[in-house]
Amino acid sequence: MTKTVAFHLQKGGVGKTTISGTLACQSALDGKKTLIVDCDPQGNVSSWFLQEAPRYELADVLQGRCFVNDAIVEAPGMENLYILPTFGIGGTLKTYSETKLSEEPFVIQDLIKEVAENYDHVVMDLSPGLGMLERYALIASDEVITPMTSEVFSLDGLEIFIHELQKLRKNLRSNVRHDKIIINSFDTRIRQHRDIYQAALDSGNYKVYLIPVDPIFRKSQEAGKAPQLFKVHGRGMKDSTQIVFEELYKDIWK
Ligand SMILES: Nc1ncnc2c1ncn2[C@@H]1O[C@H](COP(=O)(O)OP(=O)(O)OP(=O)(O)O)[C@@H](O)[C@H]1O
Ligand SMILES: [Mg+2]
């Protein structure tokens, strides 16, 4: 059975899109047919990998305006990488989630179940917040991994997230696995970062991954490319970043 992984913390700007997009590239580069589902009304992961707005988006599928296979597009120049996109500008996912979604809490879960069997790996990028859209997307995933940054507010966010997941497990019968935390933009030289790392280790039974600050993310996002393949003046992804993604990929799917 295809395993679906989501990246989530309700806090904004912690690296959900960067990490989900990079992990999906890692999977595609390993020769696995990989689908990214863009569940964020901002549509960031779609605009990263798609230069042109496709005809249909996720919200069209959820509303029965097209078949899921009409909406999925192949990422140009990236073999094995497919996107079920969301349009950031003029998109309908936000409106849909605010008006219709409450009537059909399992619509995303049903869609993912239907589509996942055509792919080796599925990655979901979620929006910040813990509203209906994020909750119903979370119950569609087999595993959720929490990215955070080295700040006290992120730790508070993690505590809230863990609490909310417990409610999801109880109220929506979710079995979503949660045993991995990623501290993003980590700098081992900074004492506060080391303290947050220790606190994350102490917060439960989590494996904690550390991703360094790496300019390749922003540059490859601007260029619409996979960070693993992109080079500026001959310089690509840091070795330490590459190692974390290889480990994360192996731990999730191997
Ligand atoms: N390890 C990193 N090193 C350097 N820049 C990074 C790193 N991780 C993320 N960024 C940059 O930080 C910004 C925010 O990252 P990203 O969009 O992935 O966060 P997000 O959690 O998806 O945000 P949102 O909550 O709005 O969806 C982006 O410009 C991204 O390029
Ligand atoms: Mg994002």
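Laboratory data are not the source of any read-out in this text; all were calculated from the coordinates shown. Remember, predicted model here, so these are calculated numbers, not experimental data. All Cβ positions, glycine included, derive from the backbone under ideal geometry; neighbour counts span all protein chains shown.
Arranged by the count of other C-beta atoms within 10 angstrom, fewest first, what order do Ser27, Ser240, Ser150 take?
By the 10 Å Cβ count, ascending, the order reads Ser240, Ser150, Ser27.
Quick one: Cα centre-to-centre distance for segment 204-254 and segment 41-101, in angstrom?
About 24 Å separates the Cα centre of segment 204-254 from the one of segment 41-101.
Which Cα, out of Phe161, Val68, Tyr206, lies furthest along the positive dipole direction of the chain (beta carbon charges, K/R +1, D/E -1)?
So the residue we want is Tyr206.
Can you sort Leu158, Leu50 by how many other beta carbons sit within 10 Å, fewest first?
Leu50, Leu158
Would you mind checking which residues have amide H under 5 Å from Thr149's amide H? H placed 1.01 Å from N; only 5 or more apart, or other chain.
Asn184
Hey, if you put +1 on the Cβ of every Lys and Arg and -1 on every Asp and Glu Cβ in the chain, which of Pro215, Thr18, Leu93 ends up farthest toward the positive end of that dipole?
Comparing the listed Cα positions along the dipole, Pro215 ranks first.
With +1 on each Lys and Arg Cβ and -1 on each Asp and Glu Cβ, and nothing else charged, work out how big the dipole of segment 3-253 is about its Cα centre, in Debye to the nearest 20.
I would put it at about 440 debye.
Compute the length gained on full extension between Glu117 and Ala199: take 0.36 nm times their separation in residues and subtract their Cα-Cα distance, giving the result in nm to one decimal.
25.7 nm
Tell me the relative contact order for segment 3-253 as a rounded percent, counting alpha carbon contacts under 8 Å between residues six or more apart.
Computed over segment 3-253, the figure is 25 percent.
Quick one: grab the alpha carbon gyration tensor of segment 151-228, order the square roots of its eigenvalues as a ≥ b ≥ c, and give me rounded if a/c is under 1.5, else prolate or oblate depending on whether a/b is larger than b/c.
oblate
First check a/c for the chain, with a ≥ b ≥ c the square roots of the eigenvalues of its C-alpha gyration tensor; if it is under 1.5, answer rounded, and if not, answer prolate when a/b is larger than b/c or oblate otherwise. Mind dumping the intermediate values first?
Details: a/c = 1.68, a/b = 1.15, b/c = 1.46.
Taking the square roots of the gyration eigenvalues as a ≥ b ≥ c, the chain is oblate.
Give the cross-link partners of Lys170 among the lysines, using a straight C-alpha distance below 27 Å as the criterion and excluding same-chain residues fewer than 8 apart.
Lys3, Lys11, Lys16, Lys94, Lys100, Lys113, Lys180, Lys207
Can you sort Arg218, Arg173 by how many other beta carbons sit within 10 Å, fewest first?
On the way: Arg218 11, Arg173 8.
Taking fewest neighbouring Cβ atoms as first place, the list is Arg173, Arg218.
Only bridges whose two residues both fall in the chain count here: according to DSSP, what percent of them are antiparallel, nearest 5?
10 percent
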